[in-house]
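Notes to accompany the following structure.
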Amino acid sequence: MEAAQELKVVTRELRAIVLLTGVAVAAFFLTQTVARANHQRRQADAGMWYERGHRFLVAGDAGQAVPALRRAVALNPDGLRYRLDLAAGLIGTGAYGEARRLLLDVRQASPQDVGVNLALARLEAAHGDSATAAGYYQVALNQMWRPQDVGTRYQVRSELAHFLLSRGQRSRSLSEVILLAADAPDRPEARADVGRLFLDAGDPARALASFDEAGAATPSDPAIRLAAGQAAFALGDYQRAHRYLRGATALSVATDLDAVVELVLSTDPLVPRLSSVERERRLRAGLQRARQRLADCPTVADGATLRDDLDRFESAIASRARNAPPIGDLLDDGVELAGRVEAAAGSCTPPGALDRALVLIAKRHEAR
Amino acid sequence: MKLQRTTTLRQLWLREHQLFLVLTIVVGVLAGLSAVLFSVAIDWVTRLFFGLDPTYLRLFLIPTLVSLGTGVLLVTVFPGVRGSGVPQTKAAVHLHDGEIPARVPIGKFITGVLCIASGHSMGREGPSVQIGAGIASAVGRWLRLPPDRMRDLVPVGAAGALAAAFNTPVAAVLFALEEIIGDLNAPLIGSTVVASVASVVVERSILGNEPLFRVPTYHLEHPAELAAYAVLGIAGGVLSLIFSQGLLRARALFMKLPARTRMFQPAIGGVLIGLTIIAVPAVMGVGYDYVDRALNGGLVIQTMVLLCAVKIVATIVSYSTGNAGGIFAPSLYIGAMAGGAIGTVVHRFAPFPTADPGAYALVGMGALFAGIIRAPMTSVFMIFEITQDYQILVPLMVANLLSFMIARRFQPDPVYHALLKQDGVHLPGPESPAGGAAWTAADAMLPAPALIDASTTVQGVLGRPELASWPAVLVGSGHELLGVVSSAQLAQAVVAGRAAEPISVLVADNPVHAHPDHPPDVVIERVAESGGVLPVVDREHARHVVGVVTLDGLARFIARRGP
């Protein structure tokens, strides 16, 4: 009797548990369906807010963009581009701290994401620490890039190279530009860009090679010729520089570099295939100009010493016997002296084209 | 024979234990689902009410008109579902053996969605707790569980609902123990853990495992920063007091209005909220978007100060006018804004390295929660679970403790207890241990004498011979106790020439009283304080006198019981 009663109770409870479980399962699916529908509605709303915010952002109105993008992010916190755009908007409104935190939060979830690292790099580059910025650039660049995104990688590396150059980090920049050259698309403008970066990073030889590649495709592009002339000039190859610069001038690109190069070529007493008379004439002209500069700058440091050196040197030339052999080794000393005077006077008054040419001539022969 | 009976009993006990375990899982799942559905419904209805870009007219009309409708519902169809739901759940556990009528969770769901979605500055967690508890009660009732099991099942439902509402299983367990049951060592810990886990599992399977707020990792940047967090804790305590006192006083004002206005009080709140959200839309609803922004340093100090002040006022208005919604979320909101503002000042002027203002906003949330809700352990774990950030625990504990201590020092009753007291419900405190006392006030009390009408003059009372033997008289209005006036007070009034005044002028607020379950030490202490006649009142209707304890009567009772 007792057992039957107990069985009855157990059966009733079991039935109740099964029924409750069924209710729970049904409630789960109902809730899931409702939650999914709500999620989709939120996504759609977020999309609308994003579109609105993005339009403002593109139009440069960050102030209007941010509230809309905030709503988009609130409705869809996982939307990566929503958050990136919001960060861009916040940067636009000057809310750097919040933008940084937002991006760092996104980065926590997607540490390797190129867009996030790039946004952080740009933020740090503009308003933070250079080393941190360079680090984020590197993280962005070191990701696996799909073949179709190589162009973007090229742009990012170019941005990094420009950033490093702007911070005076030429050697770090040069290594980036070398990598950049490998990625550069086969277009004259891209080659020319790389060439300019090489030139700024202090590698005129690679720069000239890049300009030559670019110039081969567009020989009449005056900008490329000018840049190539500058590279050749930096290399000390004045003949070549003169050739490029003359071409650029002919193509109506104004440059005083051309005048300097011309003067280098026309006043250098040490260029080959000159007569002894011409060499001496050039040397005397250079020294005369140097003396003039000293006269114009009486306060120049070591002015007296330089004047004495000039006097002694001119006496040495004058004391040579008439019809004596060519002045020979005096040439090197004379060129060096003129360059020294010009360099010293450079701090006194702005140098003219001839003055710059004399300094370059001295530098050109310094290494010999 | 005896051994066989013991074995059978043991088997039966185990079976019942296992049955309860299964029930806690099912209740946890159902409570979690109800919390998810409640949250989704609020979200959906908010969009429905306000659209994407509401006009000023719409911002004003929606809370006004919806509150008019909910006012009718709250008075005619769903009485007892106003406000948060946590106090009612506590009352159900402590006074009604876990009995919550089936209409309560249904009504709370409907009115809660309408109130919060229409822009009232209220939270969804308190209602979720009541809905979860109501579901648990309904399940228990359906299964005809005994009263003690019903009482156990309700906190389990509450924990399940809170776990899903906040995505904080540990804090939900602590809340159920600390706040609903009132004992962190309660034997229910296992059941609440099971229900919380079950609830969070279903919640995460539906909504994903996203923390409520996305917060960067914050650290204590310098040991001296603890002093700044201590200042934040003190400010949190003061703000908690301002909020709690404001809420209680405003609610008391509305409760004093004639009963027929009850139906329209939510609409008064609706009008005020409509005007408020036109000016400051950031305070409408739950407001977690703005909390998130404060935590991420996305608000300037002026905005945070403004939002803190307006949120306090808006929440007081919404709650005191009788709308359905909780104060969890507003307390977190106020704390985040206050913390963020203080953090900004510290960050700008402190002579030592400090964390970002967002870290202070985070700690501020915990400090206000500890000060207002008075559940410090729940607060610490909740902030940790919400943010999933260990680094800020030490500053959080410092600020929480200070806020909690200050709030308790100046307002001994936690806000939920105080709200229940306003409703005439007195919950048992730690002085009323269940089943441990040798005797209680109910055993020692005498039948209550008739209440003296408050309009009777002092002279009139002294002229009644049947009262001459009483050391004090109970004054009331109808069947409602107003207070106790001693013979000495009556004599002093005559000497002072106030014999013609009504006796109500001698009645002090909050008369000393006892409840039927109070143990001997409480009864003796209060009889001594009472002036000779201690009214014993019902816990559920604290103005209803069920008996009195007098000094003579108590002496006779003790003598009769023997040593």
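Read-outs throughout are calculated quantities, based only on the coordinates presented, and are distinct from any laboratory measurement. These numbers were taken from a predicted model, which means no experiment stands behind them. Because the Cβ atoms are built from the backbone with ideal geometry, glycine has one as well, and the counts that use them run over all protein chains shown.
With pairing defined as another cysteine C-beta under 4.7 Å, the cysteines of the protein assembly as shown that fail it are B:Cys115, B:Cys308.
Give the distance, in whole Å, between the Cα centre of segment B:115-131 and the Cα centre of segment B:183-243. If you average the Cα positions of each part, the centres end up 19 Å apart.
As a ratio to 2.2 N^0.38 Å, the alpha-carbon radius of gyration computed for segment B:349-426 takes the value 1.28. For segment B:231-287, the fraction of C-alpha pairs more than 13 angstrom apart is 72%.
The alpha carbon centroids of segment B:518-542 and segment A:268-285 are separated by 123 Å.
Between 0 and 90 degrees, the angle of helix B:393-410 with respect to the longest Cα principal axis of chain B falls at about 30 degrees. For a paramagnetic label modelled at 7 Å from the Cα of A:Asp186 toward its Cβ, which residues of segment A:201-215 fall within the zone defined by backbone nitrogen distances under 20 Å? Within reach of a label on A:Asp186, which here means backbone N under 20 Å from a point 7 Å along Cα→Cβ, segment A:201-215 contributes A:209-215. Once label points are set 7 Å from the Cα along Cα→Cβ at both B:Asp413 and B:Ala224, what is their separation, rounded to one decimal in nm? For B:Asp413 paired with B:Ala224, the spin-label model returns 4.4 nm.
Based on alpha carbons, the Rg and Dmax found for segment A:1-92 are 25.6, 86 Å. Normalising by residue count, the protein assembly as shown has a Cα convex hull of 272 Å³ per residue. The largest-to-smallest principal axis extents of the Cα set in segment B:80-177 are 41, 29, 20 Å.
Here segment B:370-492 was treated as a single set of alpha-carbon atoms; its pair distances binned every 10 Å from 0 give 10, 23, 22, 20, 13, 8, 3, 0 percent.
With θ taken as phi - 60° and the Karplus curve 6.51 cos²θ - 1.76 cosθ + 1.60 applied, the whole-hertz 3J(HN,Hα) list for segment B:206-211 is 9, 9, x, 9, 9, x Hz, x standing for glycine and proline. Placing unit charges on the Cβ atoms of the charged side chains and taking the dipole of the protein assembly as shown about its Cα centre, the candidate lying farthest along the positive direction among A:Leu80, A:Val34, A:Leu310 is A:Val34. The calculated FRET efficiency for A:Thr299 paired with A:Leu235, based on their beta-carbon distance and R0 = 30 Å, is about 0.30. With the simple spin-label model, which puts each label point 7 Å out from Cα in the Cβ direction, the B:Gln492 to B:Val72 separation comes to 5.3 nm. Each of B:Val461, B:Val523, B:Val495 was scored by other Cβ atoms within 10 Å of its Cβ. Listed from fewest to most, they are B:Val495, B:Val461, B:Val523. Whole-Hz Karplus values for segment B:307-324 come out as 5, 4, 5, 5, 5, 4, 5, 4, 5, 4, 4, 4, 6, 5, 7, x, 6, 9 Hz, taken residue by residue from phi with 6.51 cos²θ - 1.76 cosθ + 1.60 and θ = phi - 60°; glycine and proline positions read x. From the largest down, chain B spans 78, 74, 52 angstrom on the principal axes of its Cα atoms. Size descriptor for segment A:113-153, Kirkwood hydrodynamic radius: 10.2 Å (Cα pairs only, one decimal). Under 5 Å between amide hydrogens, which residues at least 5 positions from B:Gly83 or on another chain qualify, with H placed 1.01 Å from N in the peptide plane? HN-HN under 5 Å from B:Gly83: B:Asn323, B:Ala324, B:Gly325. Electrostatic tally near B:Trp142: other residues with Cβ closer than 14 Å to its Cβ, Lys and Arg +1, Asp and Glu -1, net +3.
A cut-off of 5 Å between modelled amide H atoms, ignoring neighbours fewer than 5 places along the same chain, links B:Leu446 with B:Val548, B:Val549, B:Thr550. Full extension of the chain segment joining B:Arg560 with B:Ser205 gains 121.4 nm, where the gain is 0.36 nm per residue of separation less the Cα-Cα distance. Residues whose amide H lies under 5 Å from that of B:Ser477, counting only those 5 or more places away or on a different chain, are B:Leu482; hydrogens are built 1.01 Å from N in the peptide plane.
The stretch between A:Ala285 and A:Phe29, if pulled fully straight at 0.36 nm per residue, gains 82.4 nm over its current Cα-Cα span. Measuring max minus min along each principal axis, the C-alpha atoms of chain A give extents of 149, 45, 43 Å (largest first). The angle between the Cα long axis of helix A:150-166 and the main principal axis of chain A comes to about 50°, on a 0 to 90 degree scale.
What is the calculated FRET efficiency for B:Leu48 to B:Asp443, with r their C-beta to C-beta distance and R₀ = 56 Å, to the nearest 0.05? About 0.45, to the nearest 0.05. Rounded to the nearest angstrom and listed largest first, the equivalent-ellipsoid semi-axes of segment B:209-260 from its Cα gyration tensor are 38, 19, 4. Compactness check for segment B:105-240: Cα Rg over 2.2 N^0.38 Å is 1.26. Each part gets one Cα centre, and for segment A:295-317 versus segment B:376-429 those centres are 88 Å apart.
Rg/Rh for segment B:426-563: what does it come to with C-alpha atoms and Rh from Kirkwood? Walk me through the numbers before you get to the answer.
Working: Rg = 15.4 Å, Rh = 15.4 Å.
Across segment B:426-563, the Cα-based Rg/Rh ratio is 1.00.
Close Lys pairs in the protein assembly as shown, defined as Cα atoms under 25 Å apart and 8 or more places apart or on different chains, number 10. Calculated from the alpha-carbon coordinates, segment A:77-230 shows an Rg and a Dmax of 17.3, 53 Å respectively.
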